[in-house]
Amino acid sequence: MIQRRTVGIVGTGNVGSAAAYAIFNQGLASEILLLDKNTHRAEGEAMDLMHGQQLVGRVTCRAVDYPVLGNAQIIVLSAGASQKSSDESRLDLLRRNAEIFREIIIQLDKHAPNAILVVATNPVDVLTYICQALSSRPGRRIIGTGTLLDTARFRALLGRHYGVDPRSVHAYILGEHGDSEVPIWSNATIGGQSIYERTVLGKEWESDTMQSIFEQARNAAYEIIDRKGHTDAAIGVVIARIVQAVLEDQQNVLSVSTRPKGAYGIEDVCLSIPCVVGLEGVEKQIEPTLSDDEEQALRASAQALHDSRSGLQMEL
Ligand code: NAD
């Protein structure tokens, strides 16, 4: 039987609306269900999208309540508070968003227990862990957007530096989506050629330049928030990418947030490692060989996430 492809979005602020727009515009779903505690906002977004139907094709968009989300195969969680200013770290948002997520998970476990969940709200790694701990669905069916956005930014900057399409750059940022994230230089390649400490496409390896490229990727959110007040376009596309990987069972390798099963000795947190994403969510985890420094930095990132969750003192 041919199934409708139904995507739900909980939280239709900047990020949820950008995700809805990307999914709508790329024709990834036949139906997009929008839910926000501000029902007017969700209704407005649905109406606005529907007016593009004539140009994009028949995708139904409507504002709904939780029982209707039972029709969705995949649900994006982008509800919550956004960073108030560049001074507020992602981890400062935790307390405000953890309680919102507890309420949402209760509703989704009741009405949509079989849907895959994609967590985008920050701090995304800790909230992914909280969702996995609170929800009755298997952990692999709850995916955090993690460092997929940071990796995209990193590849875009490296592509510009080397003068190639970012899709031809293979390089990851792993760990926390945030200040302790780790650039994996030891495995970064273009056309199968390692770039680490080598001259590639006429560009010599310069440590300061490469560190600056990583820092631009890591600090991009702060820079964008300083200028336009929030980030939405790129995270919208990132969410659409994960939705597509799941709905089309693409088995893509994506750096998304999940709970490692002992990779690098890390267990009791969610963070980003390369994962195979398909119909069942995170179907496999990959543990690439890292340099000693990278492995140490990844474990430090895990510890930072562990500490911030402990600070929350939430019963899980
Ligand atoms: P926003 O304030 O524009 O939107 C949040 C929406 O959530 C609002 O419409 C609000 O009404 C809704 N909401 C709040 N509580 C709710 C509840 N209990 N049920 C349903 N809806 C509820 O914020 P934003 O700019 O869209 O950002 C959303 C989140 O995404 C933030 O945490 C932000 O930091 C995060 N974000 C993550 C990434 C990433 O890479 N993962 C990138 C950008 C932003």
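Since every read-out is calculated from the coordinates, none of them should be taken as a lab result. Not measured: the values here are computed from a predicted model. Ideal geometry is used to build each Cβ from the backbone, glycine not excepted, and the neighbour counts take in all protein chains shown.
How long are the three semi-axes of the equivalent ellipsoid of the chain, in whole Å, if each is the root of 5 times an eigenvalue of the C-alpha gyration tensor, listed from largest down? After scaling each eigenvalue by five and taking roots: 31, 22, 19 Å. Listed peptides 241-251, 135-145, 94-104, 191-201 appear in the order 135-145, 241-251, 94-104, 191-201 once ranked by packing, highest mean of other Cβ atoms within 10 Å at the front.
Taking the longest Cα principal axis of the chain as reference, the axis of helix 207-218 is set at about 10 degrees. In this structure, S136 and E99 have a Cβ-Cβ separation that, at R0 = 25 Å, corresponds to a calculated FRET efficiency of about 0.85.
Applying 1/(1 + (r/R0)^6) with R0 = 25 Å to the Cβ-Cβ distance of N219 and E197 gives a FRET efficiency near 0.55.
Between the helical axis of 233-247 and the longest alpha-carbon principal axis of the chain there is an angle of about 70 degrees. Couplings 3J(HN,Hα) for region 129-138, derived from phi with the Karplus relation 6.51 cos²θ - 1.76 cosθ + 1.60 (θ = phi - 60°), are 4, 4, 4, 5, 6, 8, 7, 7, 7, x Hz, where x marks Gly and Pro. A Förster distance of 45 Å, applied to the separation of the beta-carbon atoms of S212 and K110, puts the FRET efficiency at 0.40. The residue among N187, G57, G70 whose Cα reaches farthest toward the positive pole of the charge dipole of the chain, with charges on the beta-carbon of Lys, Arg, Asp and Glu, is G57.
In degrees, nearest 10, range 0 to 90: what is the angle between the Cα axis of helix 292-312 and the longest Cα principal axis of the chain? The angle comes out near 40 degrees.
The stretch between S30 and R4, if pulled fully straight at 0.36 nm per residue, gains 8.8 nm over its current Cα-Cα span.
Taking max minus min of the alpha-carbon positions on each principal axis, region 148-310 gives extents of 42, 34, 34 Å, largest first. Normalised by 2.2 N^0.38 Å, where N is the number of residues, the C-alpha radius of gyration of region 6-144 stands at 1.02. Tell me whether region 225-313 comes out rounded, prolate or oblate; compute the Cα gyration tensor, take square roots of the eigenvalues as a ≥ b ≥ c, and use a/c under 1.5 as the rounded threshold. Since a/c reaches 1.5 but b/c is at least a/b, the shape of region 225-313 is classed as oblate.
Secondary-structure-derived ellipticity at 222 nm for the chain, considering helices only, amounts to -13000 deg cm²/dmol, per-run term -39500 (n - 2.57) for DSSP H runs with n ≥ 4.
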